[in-house]
Structure formats: C-alpha cells, structure tokens
Amino acid sequence: METDEVRRTVNRFMGLDRAGVLSLRVGSQRVDARFEEGHSSEEKMAAVHYVRFVVPQGVREVLDDPSVDARFVVDHPHCAAQAPIPPSLRAELLKDLAS
C-alpha cells in the first residue's frame, strides 16, 4: 500500500477518538473509551492511538458475571462493528482492573 493510500485510509476514521464512538458495553451499561490526546488533529488522523477505559465498580461486578453480555462497540460513520469479549479476555480485564 502506498503512503498516500495509507493516509487516505487512516483519515477515513477521523473522529474515532471522540466520546461515544468506541465503547465497552457490559449488559446495559456503557463505558466510553478515553484516548490519549495529541495523536490526531482536525486535518490528520494518527495511525496509532492509546485507549483507556475507566470502568466503574458497578460495571466491574457485572463484567465478572459470565451470563451478562460484554462487547467492544465501534459506532463510526465509516466503521460500525461489535466484538464480543471472550471469557479469557474478561478474566484478564478483571485482573487489570483489580490492580
């Protein structure tokens, strides 16, 4: 892929770092992603972003219940996707949240 094509492809995702576009959904609860600032501007989207989720205690408790659906959700004009969080990843997330 040529540099200009890569730039156009990446720039299609302008706004991905805005509140509500990427989220963690656990049951009926939603936790929006927080992106590290300074990686994109209004004219240019960075190819790499650092993302955090500040997960409240109530969501942590629900995340620990395997009967409750948990997934990552992207709601962007150029990319709408959902990915379920498998049990092994849920366990790792819970370990991270406990530390």
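Could you check Cys79 against (1) modelled with pLDDT under 90; (2) out of contact with any Phe, Trp or Tyr (no Cβ under 9 Å at 6 or more places or on another chain); (3) surrounded by 12 or more Cβ atoms within 10 Å (Cβ to Cβ) and say which number it fails? That leaves (2) as the condition not met.
For beta carbons closer than 8 Å, sequence separation of 6+ or different chains, a first residue in segment 11-26 that is in contact (Cβ under 8 Å) with a residue 40 or more places away in the chain and a second that is among the small types (Gly, Ala, Ser) and crowded, with 19+ Cβ neighbours inside 10 Å, the qualifying pairs are Val21/Ala33; Leu22/Ala33; Ser23/Ala33; Leu24/Ala33; Leu24/Ala70; Arg25/Ala70; Val26/Ala70. Across segment 76-99, the number of residues qualifying as part of a helix (DSSP H, G or I), of a type outside the set (A, V, I, L, M) and under 16 Å from Phe53 (Cβ atoms) comes to 4. Among the criteria (1) surrounded by fewer than 10 Cβ atoms within 10 Å (Cβ to Cβ); (2) at pLDDT 95 or above, the one Ile85 does not fulfil is (1). All of (1) modelled with pLDDT of 90 or more; (2) more than 30 Å from Thr3 (Cβ to Cβ); (3) exposed (fewer than 15 other Cβ atoms within 10 Å of the Cβ) hold for Gly20 with one exception: (1). A search for C-beta distances below 9 Å between a residue of segment 69-87 that is over 18 Å from Arg18 (Cβ atoms) and touching a residue at least 24 places away in the same chain (Cβ under 8 Å) and any residue that is assigned to a strand (DSSP E or B) and among the polar types (S, T, N, Q), counting only pairs 6+ apart in sequence or on different chains, returns Arg71/Gln82. Of the residues making up segment 44-99, those that are of a type in the set (A, V, I, L, M, F, W, C), touching a strand residue (DSSP E or B) at 6+ places or on another chain (Cβ under 8 Å) and within 30 Å of Thr3 (Cα to Cα) are Val51, Phe72, Val73, Val74, Ala80, Ala81, Ala83.
Looking only at segment 25-53, residues that are modelled with pLDDT of 95 or more, out of contact with any Gly (no Cβ under 9 Å at 6 or more places or on another chain) and in a strand (DSSP E or B) come to 3 in all.
The values are calculated or read from the model by the stated rules, or taken from the named source; none is laboratory data. These numbers were taken from a predicted model, which means no experiment stands behind them. Backbone-built Cβ (ideal geometry, glycine too); neighbour counts: all protein chains shown.
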